[in-house]
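Down below is the structure, laid out as structure tokens.
The values are calculated or read from the model by the stated rules, or taken from the named source; none is laboratory data. Quick caveat: nothing in here was measured; it's all calculated off a predicted structure. Here the Cβ positions follow ideal geometry from the backbone for every residue, glycine too, while neighbour counts run over all protein chains shown. Heads up: the accessible areas ignore ligands, DNA and RNA and are worked out on the full protein's heavy atoms, side chains in. Shrake-Rupley method; radii C 1.70, N 1.55, O 1.52, S 1.80 Å.
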Amino acid sequence: MTEILVENELFHLRNDQFSYVFRLVNGQFLMHVHFGRRLSTVQGDILRRFATVPEADFDRNEFRLDRLPQEAPTFGYGDLRDGLLRVRGEDGSDSLNLTYRSYAVGANKPALEGLPSAYDKTSACKTLSVTLADDRLGLECRLYYTIFDDCDILARHVELTNIGAQKLNIERALSACVDFHQSDYKLLTLSGGWARERHMDWRAIMQGIQGVSSARGASSAQSNPFMALATSNADETCGDVFAFALVYSGNFRADATVDQYGQTRAMIGLNDEGFGWRLTSGETFVTPEAVLCYSSRGLSGMSHAFHTLCRRHIVRGRYRDAERPILLNNWEATYFDFDEEKLLAIAAKAAEIGAELFVLDDGWFGHRDADNCSLGDWVEDTRKLPGGLARLSDAIHGRGLKFGLWFEPEMVSPDSDLYRAHPDWCLHAGEMERLTGRNQLVLDMSRTEVCDYVYHAVADVLTRVKIDYVKWDMNRNFSPAGSAGFPPEAQREVPHRYMLGLYSVLERMVTAFPEVLFESCASGGGRFDLGMLHYMPQTWCSDNTDAHDRCFVQYATSLLFPQSAMGAHISAVPNHQTGRTTGMSTRSDVAMGGTYGFELDVTRLPDAEIAEMKHLLTRVKGVRNTLLYGVFHRLQSPFETNGAAWMVVSEDRREAVVTSVRFRAQVNRTLPCLPLRGLDPHCIYHVEETDERLSGDELMTLGLTLEYPSGDDVSCSFVLHAAHD
Ligand code: DGJ
């Protein structure tokens, strides 16, 4: 049950698991009190904890705000640390003195204007808004807090409104700040790069600032908009974890700063590097939404909260709960070298194996035989597709498959009709030479006319051709992030305006085409975030399709995202990215950790492999719902051991699928045992592969005995069913 208690100037939000508490000091400042384990009451003299001298008098003159834990710290007026907000007035000063005005409690969860945000259809959540203001600047600041009852998540965002006459400049507008009383934490972030996205990075925190950010225009493969502070004893199942994520897909920062007193300030929000926003009288700026999680059950508790958030409060539309079709994508099968005949041959084989959706990737439009042209010209290339997309789609559907199509709508090639007609429609900075990346430029989605073009270019194809799935790709970052559509003083607004433009296009798109399954992609997982998942239920995890490497990417991705959000495919061997060869069953077991599919030329496979694929696919289909929507448990970390293991358990705990991968072969060892989790301890499970009948408590204590095939990068997987009496 969610509650918001407001009594004696104390604000206490709680559900059955955690509390978030702050209070008013001197009738003016919002002091953070507690984020963590659920509290029944808060009655102690909280102020004393934050005094370094015996008498605690928190006025600005004594700079005591510098050690007061705060809800909305600002710059230039008493707190000397990094702040949540920085706003400059016409006199050039950025001293901001926000003081308390009022609060309101509402049932339900407000949506954020123009931005993706969590929603609640059950009306079980509650929202508190607290209004602060600075009279000198004429600035009103509203802090929003929503607490959910089915997951241990607090959603926060900030609204800034110019209620005065002067022009204001927002220089920093982060979404959430939590001041912790101590600094005995380790910091977890998900960092990497192209083809090795989201790897687990732990570091100790110390005095100063540490964290991650992106100024690339996208949330990025290099760092994900997420961080967690964990107590030193925390691991997969134990210890306290405080996690922060952003429902946003553009530039961000997430960091922890330890101050001179040993307190830790954790903040997340828009990256202020390169950011600015003009706020004229009457205007409101809305920050992206931050989602904060408290887990007393280590990383697993955190992941379960985020998975529930994602599944029930972020992802929308028909495919939120529907079975995802098993797809075959032609990218690694053909790259740009295909014609209708070749595609239909692959599709026919895919259908024979049991795939349900054929996806035509890059290269179907303009005259694109390589990555150096035609982005922006979304008209089929009749050299490759003489009957156009319509005939191809009909033929694919005729083979019993759905049809999906790749777009990269936010981009333009210098060699394209679109660029020739509108050379100023790309991000650029005046006369500076236009830098290309992958031979392309970024369309300026901060401009309404560009957004309209992009929407119609894609929508026209979706209207004209029967298309069931769209892969929405994005393959370069912003550099420079300038726009010809805005005056010089607004150039720092461009990256965020781009995101608002993109979100408006995506909202139109999913509203107009509710039957289409959208998968997001950015050179693999370069924009894998809760913002994109609000429009597209799944994201292509990584361009690295090697089963060994995927164990790392998918394992770490599961910290934040459910398996139904992760695109995972079987590809050819030797793997195109690593040159590594792994067996078909290992590749299949790893693909079962996400939305299962294929990415290889199945017409070249020998009959024996086709038969194996058919068999594997039949098995996957039998447990698809559990694989997609079961409760996910990480069992063995590839970052710490010689392998990786995970399992999913259906919500009623009557079905489970367990996967274990061993990296390096070992000789002369006893067989490993893998203790399971999340089962019903009293239930007897039938293990299909070994034909054993074992109780849940035995499986969770003694574990499953693993007998891998010989060799490196081998796996075994098990399907467990509650045995009938
Ligand atoms: C990058 C994606 O991640 C790949 O899967 C593929 O779609 C290529 N782009 C096509 O250019």
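Things to note:
- The residue pairs whose first member lies in the range 328-344 and is within 13 Å of the ligand (Cβ to nearest atom) and assigned to a helix (DSSP H, G or I), whose second member is open to solvent by 50 Å² or more (accessible area, probe 1.4 Å) and modelled with pLDDT of 95 or more, and whose beta carbons are closer than 9 Å, counting only pairs six or more residues apart or on different chains, are 332/576; 333/342; 333/603; 333/604; 334/342.
- Of all residues in the range 20-33, those that are in a strand (DSSP E or B) have Cβ atoms under 9 Å from Cβ atoms of residues that are surrounded by 23 or more Cβ atoms within 10 Å (Cβ to Cβ) and of a type in the set (D, E, K, R), 6 or more apart or on another chain, in 22/71; 29/71; 30/71; 31/71; 31/179; 32/71; 32/179.
- Residues of the range 685-718 satisfying the condition of being open to solvent by less than 20 Å² (accessible area, probe 1.4 Å), within 15 Å of residue 661 (Cα to Cα) and outside any loop (DSSP other than H, G, I, E, B): 704, 714, 715, 716, 717, 718
- The residues on offer are 301, 317, 354, and the sole one that is within 20 Å of residue 627 (Cα to Cα), open to solvent by less than 10 Å² (accessible area, probe 1.4 Å), away from the ligand (no atom under 16 Å from the Cβ) and in contact (Cβ under 8 Å) with a residue 40 or more places away in the chain is 301.
- When residue 594 is tested against the conditions (1) within 15 Å of the ligand (Cβ to nearest atom); (2) in the same structural domain as residue 469 (by TED's automatic domain parsing); (3) touching a helix residue (DSSP H, G or I) at 6+ places or on another chain (Cβ under 6 Å), the lone failure is (2).
- Hey, residue 251 closer than 29 Å to residue 401 by Cα and buried (at least 21 other Cβ atoms within 10 Å of the Cβ) or not: no
- Selection from the range 240-299 of residues that are in a loop (DSSP other than H, G, I, E, B), among the aromatic types (Phe, Trp, Tyr) and at pLDDT 95 or above: 248, 275
- Residue 533 fulfils the conditions (1) under 30 Å from residue 400 (Cβ atoms); (2) within 16 Å of the ligand (Cβ to nearest atom) except for a single criterion, (2).
- Residue 454 being surrounded by 23 or more Cβ atoms within 10 Å (Cβ to Cβ) and either among the hydrophobic types (A, V, I, L, M, F, W, C) or under 24 Å from residue 366 (Cβ atoms) (or both): yes
- You will find that of 391, 420, 368, 383, the residue that is part of a loop (DSSP other than H, G, I, E, B), away from the ligand (no atom under 16 Å from the Cβ) and surrounded by fewer than 21 Cβ atoms within 10 Å (Cβ to Cβ) is 383 and no other.
- If you go through the range 450-506 and keep only what is in a helix (DSSP H, G or I) and within 16 Å of the ligand (Cβ to nearest atom), you end up with just 458.
- Selection status of residue 349, touching a Ser or Thr at 6+ places or on another chain (Cβ under 6 Å) and assigned to a helix (DSSP H, G or I): yes
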